[in-house]
Structures are given as structure tokens and as C-alpha cells.
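The structure appears below as C-alpha cells.
Readers should treat all values here as calculations from the given coordinates under stated rules, not as data from a laboratory. Predicted model only: the values in this text are computed from it and were never measured.
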Amino acid sequence: MSEEMNEEEQQFVEVLWEDGSVIKCEIYDVIDFENKTYALLIPFGEEDEDTEVIVMEYVEDDEDNAHFQTIDDEDEFNRVCEYVQSVNDEDFDDEEE
């Protein structure tokens, strides 16, 4: 499930943090990596160059219900972040040409 989302297709989700707070986030992108699907989320209202992107796994169950979950495995999280950074670097290089 690889989707490209343009500005007209902005989608939002609410993410429940471990401390019980809920944060509304824009789904910036959805990527497939190592046979899993991940979502890149940006907290709503914080869209500037210093905003940190939240990376969560996108999971569908047998009844076609979907949810986001944190990536508990630190190695998996680091691999996903490195992949996202490499894709962003390639996109940036393409824009400069």
C-alpha cells in the first residue's frame, strides 16, 4: 500500500500517547518498507522546517480495521528512519537538478 498524498488529499488522525494525551496529526506520507507499512505523521499546526516527523507502523487486522502503533524495536525504528532519510535526500537531490 504505497500512497502519494498531495495537498488536496490531506488526511488527519488522532494519536493517543502513552501519557494519555491525544494529538491530531496530518498523515504526511505512507511507505512500504521491509514488508510492513509505516505512516509519517506531522502534529497538526506544527508544519515548519523544524517539525519532527512521527513514524508509526500502520497495521490492519483480519476485519480490515486499521490502526497506528509505535515501533517498539529500536533497530527496526532506526532502519525505517534511515530509509525515510535516504528517500528524502534523493528527492531533494532531484529537486536541485
Coordinate range along principal axes, alpha carbons of segment 28-67, Å, largest first: 37, 21, 10
Potential lengthening between Glu82 and Trp17 on full extension [0.36 nm per residue; Cα-Cα distance subtracted]: 21.1 nm
